[in-house]
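The next block holds one structure in the form of structure tokens; read it before the comments.
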Amino acid sequence: MKRRTLVIGILFVQAICAIFFVSDIAMTVIGVRLKPISWQTREFLEIGASLGLVLGLVLGAMALRQSFRRADALEDRLRIASGAFHDLIEDRFASWQLTTAEYDVAMFLLKGLSIQEIAAMRKTSEGTVKAQSNAIYRKAGVSGRPQLLSLFIDDLMGDELRPDSEKATEKPAEKPAERPGRAA
């Protein structure tokens, strides 16, 4: 909210200053005559408008720098999360003792490719890919692709989606049995 207010304030100050200069030029070009003001007052108005534009420029640069820093921090967090997800996949696949072919198929399954696409990419038959998929599901202790993917999503999300009341009332004995390959 603070950042948004700052940016809106910057825009407002710059708009007022720009309106002052543009209206002054436009009235001169059109030939509209206003009641003359003293040159000292005019100078103060122009100095104030100029300072407003410079202030807007400085504050805009600060807001832009802050936005770049925030974007860099978010990119770093995303890179870390991506690495953590890859590490999680590697650990799971190793604990399931997947063959090289099963590893490749499992990666393609997690990426959302169809059986036909996987077979074409691996230059094998669809039947081979289906057999490898079933072996992966069996080793993972799941019955299909959605459950395979949910194993990884559950680990990444942890308890974040469960209501606090469920977390507080859950007893250790009520925890579900560990799935094969899941870390304790």
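Values in this text are rule-based calculations from the coordinates and carry no lab data. A quick note: this is a predicted structure, and the numbers were derived from the prediction, not measured. Every residue, glycine among them, receives a Cβ derived from its backbone with ideal geometry; neighbour counts consider all protein chains shown.
Take LEU156, project a point 7 Å from its Cα along the Cβ direction, then tell me which residues of the stretch 94-115 have their backbone nitrogen under 11 Å from it.
Zone members listed by number: 111.
Just from the alpha-carbon atoms, what are the Rg and Dmax of the stretch 1-130 in angstroms?
31.1, 91
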